[in-house]
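Here's the structure we're looking at; comments come further down.
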Amino acid sequence: MAENLLKGKLGIITGALDENSIAWKAALKAHEQGAKFVLTNAPIAMRMGAIKELADHCKTIVIPADATSLEDIEKLYAESKEYLGGNFDFLLHSIGMSPNIRKGRSYGDLNYDWMNKSYDVSAISFHKMMHVAEKMDVLNEWSSIVGLSYIAAQRVYPFYTDMADAKALLESIARGYGYRLGKMKKVRVNTISQSPTKTTAGTGIGGFDAFFNFADKMSPLGNASAEACADYIITLFSDLTRFVTMQNLFHDGGYSTTGISEELMEQFKDL
Ligand SMILES: NC(=O)c1ccc[n+]([C@@H]2O[C@H](COP(=O)([O-])OP(=O)(O)OC[C@H]3O[C@@H](n4cnc5c(N)ncnc54)[C@H](O)[C@@H]3O)[C@@H](O)[C@H]2O)c1
C-alpha cells in the first residue's frame with residue numbers, strides 16, 4: 001500500500017455522521033496518509049456526538065457548519081485556515097439529504113419547498129463551498145475538490161425521486177466550477193458516482209435493499225464499499241491525479257457499463 005500520499009496536505013472533510021459514513025472512512029484514510037484536516041457537519045449532526053470520537057482519532061477539531069449557509073462556510077474556512085496554518089489542498093463534499101425521501105413522497109407528489117431544500121443541501125451547497133473558497137482565496141494551486149454522486153443522475157431509479165435531480169445538478173456544478181477554478185488556480189473538481197452503500201443517507205431511500213442487492217449481482221466486481229470509496233477519494237486528493245477534472249467518475253464495480261450479468265440471467269430464465 002502506498003504511504004503518505006497526502007503528506008503535508010491540508011483540507012476539509014464534510015459529512016462524517018457515524019462510522020458507516022463515506023466521509024468517516026475518508027477521514028480515517030486521509031489521516032493514515034498524512035493529511036491534516038478539519039471535520040465539519042451540520043450543527044444538528046453534532047448533537048449525536050460520534051464525530052468528536054473521529055476528531056480525537058484524527059487529532060483534529062470539528063467546526064459545525066450548515067453547508068447551505070454562506071456565513072457558516074465563511075466561518076468554517078476562516079477558522080480552519082487558522083487552525084491548519086494554511087490554505088487548503090482538498091475539500092470533500094459528502095452531503096446529501098431529501099425531506100421528500102424522508103417523508104416517502106413519490107416523484108409525482110413532491111413538496112416543492114422540500115424539493116428546493118433537497119437541491120440546496122445536496123447540490124447547491126457544493127456550489128456555495130466553491131464560491132466561498134474562490135471569494136476568500138483559500139485554495140492552493142493544484143488542489144482537489146470531490147463531491148459524491150449516484151447513477152440516478154443519468155438513469156431512472158424511481159425511488160430516488162428528487163435526489164436524482166439534485167445529483168444531476170451536483171455533477172453539472174462540478175463541470176462548471178471545474179472549468180472556472182481550473183483556469184484560475186489549476187484546481188480540479190470531480191464527482192464520484194458510488195455504488196449503493198449502507199449508510200444513513202443510503203438506507204433512507206425506499207427500496208434500498210433491492211437496488212443494493214441488484215447492483216451487487218449486476219456488477220462484475222460487486223458493489224464498491226464505503227471503504228473502497230474512501231481509497232478512491234484519497235487518490236483524487238493525491239498528486240497522482242492532477243489532470244483529472246470536470247469528470248463524473250464511476251466507482252461501482254463495473255455496474256454502469258454492464259447490460260446484464262449471468263447471475264441475473266439465471267434468476268429470470270424461467271419466468
Ligand atoms: N449511501 C449511498 O448509497 C450513496 C451512493 C452514492 C452517493 N452517495 C452520496 O454520498 C454522500 C455521503 O452520504 P453517505 O452515504 O456517507 O451518508 P451519511 O448519511 O453518512 O452522510 C450524509 C451527510 O450529510 C450531512 N448533511 C445533511 N445536511 C447537511 C447540511 N445542511 N450541512 C452539512 N452537512 C449536512 C449529514 O449530517 C451526513 O453527515 C452523499 O452525497 C450521498 O448522496 C451515497
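Each value in this text was obtained by applying a stated rule to the coordinates, not by laboratory testing. Nothing here was measured: the structure is a model prediction, and the numbers come from that model.
To the nearest 500 deg cm²/dmol, what mean residue ellipticity at 222 nm is calculated for the chain from DSSP H runs of n ≥ 4 alone, each contributing -39,500 (n - 2.57), summed and divided by the residues? Each step should come with its number before you reach the end.
Numbers: 12 runs with 121 residues, N = 271.
Value at 222 nm, helices only: -13000 deg cm²/dmol.
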Long-range HN-HN contacts of Phe88 with modeled amide H, under 5 Å: Leu139, Asn140
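For region 133-271, what class follows from the C-alpha gyration tensor (a ≥ b ≥ c being the square roots of its eigenvalues): rounded when a/c is under 1.5, otherwise prolate if a/b is larger than b/c, else oblate? Each step should come with its number before you reach the end.
On the way: a/c = 2.55, a/b = 2.04, b/c = 1.25.
Here region 133-271 falls in the prolate category.
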In degrees rounded to 10, the 0-90 angle between helix 125-136 Cα long axis and the longest Cα principal axis of the chain is 20 degrees
Report the Cα centroid-to-centroid distance between region 107-172 and region 1-47 in angstrom, as an integer. 20 Å
In whole Hz, what ³J(HN,Hα) sequence does region 247-259 give by Karplus (6.51, -1.76, 1.60; θ = phi - 60°), x for Gly and Pro? 10, 9, 9, 6, 10, 9, x, x, 3, 5, 10, 9, x
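Using Cα-Cα distances under 8 Å and only pairs 6 or more residues apart, what relative contact order does region 10-268 have, in percent? Write out the running numbers ahead of the final one.
Working: 481 pairs, mean separation 49.2, N = 259.
Relative contact order for region 10-268 comes out at 19 percent.
Note the full-extension length gain between Arg180 and Glu134 as 0.36 nm times their separation in residues minus their Cα-Cα distance, in nm to one decimal.
Working: separation 46, 0.36 × 46 = 16.56 nm, distance 0.97 nm.
Stretched fully, the Arg180-Glu134 segment lengthens by 15.6 nm.
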Collect residues whose amide H, placed 1.01 Å from N in the peptide plane, falls under 5 Å from the amide H of Ala16; neighbours closer than 5 in sequence don't count. Thr40
Quick one: angle between helix 226-237 and the longest Cα principal axis of the chain, in degrees between 0 and 90, rounded to 10, please. 40 degrees
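Test of understanding: what is the full-extension gain from Ile260 to Arg242, defined as 0.36 nm times their sequence separation minus their Cα-Cα distance? Please report the intermediate quantities before stating the final value.
Values: separation 18, 0.36 × 18 = 6.48 nm, distance 3.41 nm.
Full extension of this stretch gives 3.1 nm more.
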Using θ = phi - 60° and the Karplus relation 6.51 cos²θ - 1.76 cosθ + 1.60, list the HN-Hα couplings for region 85-94 in order, rounded to whole Hz, with x at every Gly or Pro. x, x, 6, 9, 9, 8, 9, 10, 9, 10
Candidate lysines for bridging to Lys52, where Cα separation is under 28 Å - those fewer than 8 sequence places away on the same chain excluded: Lys7, Lys9, Lys25, Lys29, Lys36, Lys75, Lys81, Lys117, Lys128, Lys198
Could you pull out every residue, at least 5 positions away or on a different chain, whose amide H is within less than 5 Å of the one on Met97? Hs are placed 1.01 Å off N in the peptide plane, and Pro or chain starts have none. Ser122
What angle, in degrees between 0 and 90 and rounded to the nearest 10, separates the Cα long axis of helix 161-185 from the longest principal axis of the Cα atoms of the chain? 40 degrees
Where Rh is the Kirkwood radius over Cα pairs, Rg/Rh for region 10-268: 0.96
